[in-house]
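Visitor: Take a look at the following structure, please.
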Amino acid sequence: MERIVSLEEEIRKFFFEKHLDFLTSVPQRRTQEIILASCAKGNSGKMTDYAEVFPGHRTTYGHFLSKGKWDDEKVA
């Protein structure tokens, strides 16, 4: 059966419903990629898991997670 709504769109809708729409497009996209890659491949805790599923390099995801600017109160 063909999906009418993509998994990416479902995740964007979830972010909106949970009032996480304060994330700009790049953090939303990276978060979506991490979620989808974890579901598709499993998560061993390595950035290469994400890079194998999506076109971003492993350092892109590592930089996003370690140096990204977060508003802890909004995310918590």
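Each reported figure results from applying straightforward, stated rules to the coordinates on display, with no laboratory input. This structure is a prediction, so every number in the text was calculated from the model and none was measured. When we count neighbours, we look across all protein chains shown, and the Cβ atoms used for this are built from the backbone with ideal geometry, even at glycine.
Visitor: Relative to the compact globular guide of 2.2 N^0.38 Å, what is the alpha carbon radius of gyration of the stretch 7-67, as a ratio? Intermediate results must be reported in sequence, preceding the final value.
Guide: Details: Rg = 11.5 Å, N = 61, 2.2 N^0.38 = 10.5 Å.
It is 1.10.
Visitor: Treating the beta-carbon of each Lys and Arg as +1 and of each Asp and Glu as -1, no other charges, what is the dipole magnitude of the stretch 7-67 about its Cα centre, to the nearest 20 debye?
Guide: Roughly 240 debye for the stretch 7-67.
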